[in-house]
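Only one structure is covered here, and it is reproduced in the block below.
The values are calculated or read from the model by the stated rules, or taken from the named source; none is laboratory data. None of these values were measured; they are calculated from a predicted model. Cβ sites come from the backbone with ideal geometry, for glycine too, and all protein chains shown count toward neighbours.
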Amino acid sequence: MAGQSVGEHIRDGAYVVLKRGEVFKAAQVQRRKKAIFGKQWIFLDNAIGQCFGTSFEITGGGKLMPLTKMEEATAEKLEAGADNRNIVDDGKSQKLTRDDIEALKEKGIKGEEIVQQLIENSATFRDKTGFAQEKYIKKKKKKYESVITIVKPCTRILAMMYYAREPGKICNLRYDTLAQMLTLGNIHAGSKVIVMETCAGLVLGAVMERMGGFGSVIQMYQGGEPGRAATDCFGFPETFLGTLHEFPLGKVQSLLSGVFSSEISPEETDSVQTGQKPNGSIDETHNVTIETEIPTSGRILEANHPDGQDAMEVTSGELKISNENELKERKYQVFEKKKRQIERRKREIEAANLLKDRNADGLILASRFHPTPLLLPLLDLVAPSRPFVVYCQYKEPLLDCYTKLREKGGVINLKLSETWLRNYQVLPNRSHPKLTMSGGGGYLLTGLTVVRENVMPSVKSLEPQKTEEPVTKKLKLEEL
């Protein structure tokens, strides 16, 4: 399987993908922690130490039992019928009822044995063709056998999982379209790539996996924090995360105009290092609040308490302690918030230092926003003769983007494309396209950047030159 290391073992805390047939689910392996897959609660403790690609049977209590060899449920060597024309699906061919099947499950009988009993109690199984018998067995195994396979996350598996389960989160980006984005964007190790995406971090994770921990990835994001839910599912090591940088879209214009500030206030840095807030203005505000709250609470309790003054003193002391604890907690929260702000500012400066030379090796854009206002300023950060790829779920925004790029110049080899994917069933004597297929995987706009001063004259500038010769000929004829 692509993206899976042979012999690599599952560790505690590792991210994995649970697979059952064509259904996938990302999860993190943690001891004594439940994970839900389908409608079952399972514990992944027994998966620790096993190799990726190992299949497990779900036993009682949600525990996993490794299977050394997959035993496929097969029926006896029965003669297959000539065809299925005499088989009527009236629901009466199976002698076992639902209550009988549930009773077998309660006795602890495995799914393989249940499938075998279903075959034996089917009145029409012997009359079916060999293909129909195999299809029947496969269908019953999928329903009654509790076997899952744990595989290592990779771009292909995660893209298939998101497209099947939550396509809206990844802007309906199909896995073959994502593969084309990586190829057309020339993503490779050692390059500097700008990524702007709102696909839950799937495109970002795919770029990082392709680069293998070498080079630099600058993620552009809109809002408070970048979205990386799918990126976390890859389970990248620290060496990979060291190549990842982030920069807000709102500061791109200031970076291009040269007014971006790359300095951190010394007061803020000293306050975080010493553990104190600057100026202490928040402390004074809290002190005023404490002084006004204590007497008020004390008077209320004094009127309702028979002991009067003693109750007020005790209550005031308790309020002082509680307010002091609350003040400490608020101080800590403000301190942590300030610390996170400074760390984010440092990351912005690191990303700005990578972008200021405007020599990025590529640009990948896959967003639910309109691509034109995002693409035009970001292209100024890309070096000449470098590829860029823009993905959109709809064609019309890319047509507008195509027109704006032709008017602006600085790009060549513009192409707007759509891929058509159709899955095929490949089996002996019955290979054919599958009846169900995806409705669409989105559209791609690709091109190459060039130095704008060296761009050839546009077609419009050449039109007057083409019309000169016919005009002169017309004048000569009139003179004659």
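The residues of the stretch 235-249 that are surrounded by fewer than 18 Cβ atoms within 10 Å (Cβ to Cβ) and of a type in the set (S, T, N, Q) amount to a single one, THR239. Total residues in the stretch 417-432 satisfying the condition of being touching a strand residue (DSSP E or B) at 6+ places or on another chain (Cβ under 8 Å) and either modelled with pLDDT of 95 or more or over 25 Å from TYR175 (Cα atoms) (or both): the figure is 0.
Residues are listed down the side, and each one gets a yes or a no for (1) out of contact with any Pro (no Cβ under 8 Å at 6 or more places or on another chain); (2) surrounded by 14 or more Cβ atoms within 10 Å (Cβ to Cβ); (3) of a type in the set (Gly, Ala, Ser):
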{"site": "ASN359", "(1), (2), (3)": "yes, no, no"}
{"site": "PRO371", "(1), (2), (3)": "no, yes, no"}
{"site": "SER385", "(1), (2), (3)": "yes, no, yes"}
{"site": "CYS392", "(1), (2), (3)": "no, yes, no"}
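Return a yes/no flag: does the stretch 127-148 have any residue that is charged (D, E, K, R), outside any helix (DSSP H, G or I), touching a residue at least 12 places away in the same chain (Cβ under 8 Å) and over 30 Å from ILE48 (Cβ atoms). Yes, because at least one residue in the stretch 127-148 is charged (D, E, K, R), outside any helix (DSSP H, G or I), touching a residue at least 12 places away in the same chain (Cβ under 8 Å) and over 30 Å from ILE48 (Cβ atoms). Taking each residue of the stretch 52-68 that is over 17 Å from ILE109 (Cα atoms) and assigned by TED's automatic domain parsing to the domain that holds ALA26 and looking for partners that are of a type outside the set (Gly, Ala, Ser) and modelled with pLDDT under 80 with beta-carbon atoms closer than 8 Å, six or more apart or interchain, yields PHE52/GLN4; GLY53/MET1; GLY53/GLN4; THR54/LEU67; SER55/LEU67; SER55/MET70. Quick one: is LEU477 surrounded by 11 or more Cβ atoms within 10 Å (Cβ to Cβ), aliphatic (A, V, I, L, M) and either modelled with pLDDT of 90 or more or not in a loop (DSSP other than H, G, I, E, B) (or both)? Answer is no for this residue.
Quick check on my filter: what residues within the stretch 213-233 are among the aliphatic types (A, V, I, L, M) and farther than 15 Å from CYS199 by Cα? Quick ask: steps written out before the conclusion?
Initially, the stretch 213-233 is screened for residues among the aliphatic types (A, V, I, L, M), giving 217-218, 220, 229-230.
If the condition is that a residue be among the aliphatic types (A, V, I, L, M) and farther than 15 Å from CYS199 by Cα, then VAL217, ILE218 are the ones that fit.
For the stretch 180-213: of the residues being over 13 Å from PHE388 (Cα atoms) and β-branched (Val, Ile, Thr), which is surrounded by the fewest Cβ atoms within 10 Å (Cβ to Cβ)? In this case the residue turns out to be THR198.
Restricting to the stretch 370-391, what's the tally of residues that are touching a residue at least 60 places away in the same chain (Cβ under 8 Å) and either in contact with a helix residue (DSSP H, G or I) (Cβ under 9 Å, 6 or more places away or on another chain) or not in a loop (DSSP other than H, G, I, E, B) (or both)?
Within the stretch 370-391, the first condition is being touching a residue at least 60 places away in the same chain (Cβ under 8 Å), and the residues that meet it are 371, 374, 377-389, 391.
From the residues that got through so far, the ones that are either in contact with a helix residue (DSSP H, G or I) (Cβ under 9 Å, 6 or more places away or on another chain) or not in a loop (DSSP other than H, G, I, E, B) (or both) too are 371, 374, 377-382, 384, 387-389, 391.
Qualifying residue count, the stretch 370-391: 13.
Considering the stretch 31-60 alone, what residues qualify as being under 23 Å from the mean Cα position of the chain (by Cα), surrounded by fewer than 15 Cβ atoms within 10 Å (Cβ to Cβ) and part of a strand (DSSP E or B)? Scanning the stretch 31-60 gives LYS34, ILE36.
For the stretch 102-159, filtered to residues that are surrounded by fewer than 16 Cβ atoms within 10 Å (Cβ to Cβ) and of a type in the set (A, V, I, L, M), the residue that is nearest to TYR15 (Cα to Cα) is ILE109.
Inspection of the stretch 165-183 identifies at least one residue that is without any contact (Cβ under 8 Å) to a residue 12 or more places away in the chain and of a type in the set (Val, Ile, Thr).
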